[in-house]
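Nothing in this text is a laboratory measurement; each read-out follows from the coordinates by a stated rule. These numbers were taken from a predicted model, which means no experiment stands behind them. Every residue, glycine as well, gets a Cβ built from its backbone with ideal geometry; the counts of neighbours run over all protein chains shown.
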Amino acid sequence: MVSYLAFIVTERIQGLTLFDEIPSMFHKQYLTYYLWAGWFFALLMARSFLDTKNSEPKLDKLIKLFLKINVVSFILTIFVDPVVAIQWGVVNTLFYAVFVSWVAFKVMMKGNPAARFYCIAWILNFCGAGVYGLTVGGYLPFNFITKSR
């Protein structure tokens, strides 16, 4: 949650106007790092909350693979152009969003009652993020419904 909060604060700069100057840790150059850290912990949470190690070993292996990809991507972010890093992060965010929702759905269909709430929470989260992304990208009009406050 802290990684996700740092990402949101860095992306939107909300509340930082209270300071004379934006703290250096919230500069846009760190946005990709917060993105990767957020996904790392989100995948760990999915693994733990959905108990994929015991209930879905094949899905658990996939989650472990994506954790490794996440760590490599975090490290590569240091060495690549920031534009390329954020583009790679956005593409992976779209993929991870579908993946995490799919894992939750699969576990839910196996009868895990906690997975229902987990699945609904992630789907609603990604719907909101999708609307935000489409608005920022210029595909949806900026109005009282789509503005973030």
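Couple of notes before you dig in:
- Counting neighbouring Cβ atoms within 10 Å and putting the fewest first, the residues 101, 48, 55 line up as 48, 55, 101.
- The calculated FRET efficiency for the pair residue 136 and residue 44, based on their C-beta separation and a Förster distance of 25 Å, comes to about 0.35.
- Sorted by Cβ neighbour density within 10 Å, fewest at the top, the residues 116, 47: 116, 47
- Extreme residue, positive dipole direction of region 45-149, given options 119, 69, 129 (C-beta unit charges): 119
- Gain on full stretching of the segment that runs from residue 95 to residue 114 - 0.36 nm per residue minus C-alpha separation: 4.6 nm
- R0 of 22 Å, Cβ-Cβ distance residue 83-residue 143: FRET efficiency to nearest 0.05: 0.15
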